[in-house]
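What follows is a short report on a single structure.
The values are calculated or read from the model by the stated rules, or taken from the named source; none is laboratory data. Since the structure is predicted, the reported quantities are computational estimates derived from the model, not experimental observations. Here the Cβ positions follow ideal geometry from the backbone for every residue, glycine too, while neighbour counts run over all protein chains shown. The area values use the complete protein model at the heavy-atom level, side chains included, leaving out ligands, DNA and RNA. Shrake-Rupley method; radii C 1.70, N 1.55, O 1.52, S 1.80 Å.
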Amino acid sequence: MRPEGSAAAPQRFNNRQVIHLQGLRFKANLGILDFERDGPQPIQVDAEVNLGALPIVARDADIGRVLDYRRIRAAIIDECTTEHTDLVEALVGKLSNRLMSLAGVVGVRVKLTKLEIFPDCEVAVSAETGLW
């Protein structure tokens, strides 16, 4: 137990570092219904990318020492727009695998929402892969 008033030793590692991308909206070719095959529809992707325990960055550092979240965003958009995917579940699986392939990633949580599939609600599918 630390005596009252004494400073804690600086921590050198995070227990877990996670990058969050929330509310990423764009159009993707997705679905099995006739109108979904006519063209892209709006979707939203939320992703959490677990980098595990990492050294704490106590001051500005070189971007090359961290996973640049622009790469995560680009991977999500690319995976969702490269080709038509019939099932949301299949696209969530492809997204999970793509994000898990990024250097340093140990876990991924992905949620894909179809924003205009029904007039009265949105539909989402989520998955968790790797370590949490």
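Tabulated results
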| quantity | calculated |
| --- | --- |
| Test: residue in the range 31-44 that is within 25 Å of Q11 (Cα to Cα), of a type outside the set (S, T, N, Q), at pLDDT below 95 and open to solvent by 30 Å² or more (accessible area, probe 1.4 Å) | no |
| Failed condition for R16, given (1) under 24 Å from R109 (Cβ atoms); (2) among the charged types (D, E, K, R); (3) at pLDDT below 85 | (3) |
| Total residues in the range 3-35, condition free of Cβ contacts under 8 Å to residues at least 60 places away in the same chain and either among the aliphatic types (A, V, I, L, M) or under 30 Å from T81 (Cα atoms) (or both) | 18 |
| Residue in the range 90-99 that is of a type outside the set (V, I, T), modelled with pLDDT of 95 or more and part of a loop (DSSP other than H, G, I, E, B) present | no |
| Considering residues of the range 80-101 that are without any contact (Cβ under 8 Å) to a residue 40 or more places away in the chain and under 16 Å from G31 (Cβ atoms) only, the residue least open to solvent (accessible area, probe 1.4 Å) | V92 |
| Condition check for R16: open to solvent by 30 Å² or more (accessible area, probe 1.4 Å) and not in a strand (DSSP E or B) | yes |
| I56 being aliphatic (A, V, I, L, M), in contact (Cβ under 8 Å) with a residue 12 or more places away in the chain and under 17 Å from V125 (Cα atoms) | no |
| Residue that is modelled with the lowest pLDDT [pool: residues in the range 101-125 that are charged (D, E, K, R) and not in a strand (DSSP E or B)] | E116 |
| Of residues in the range 102-132 being β-branched (V, I, T) and surrounded by 15 or more Cβ atoms within 10 Å (Cβ to Cβ), the one farthest from V18 (Cα to Cα) | I117 |
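Okay, residues lined up against (1) within 19 Å of the chain's Cα centre (by Cα); (2) over 15 Å from G104 (Cα atoms); (3) of a type in the set (G, A, S); (4) part of a helix (DSSP H, G or I):
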residue	(1), (2), (3), (4)
K27	yes, yes, no, no
G39	no, yes, yes, no
Q44	yes, yes, no, no
I72	yes, no, no, yes
I77	yes, yes, no, yes
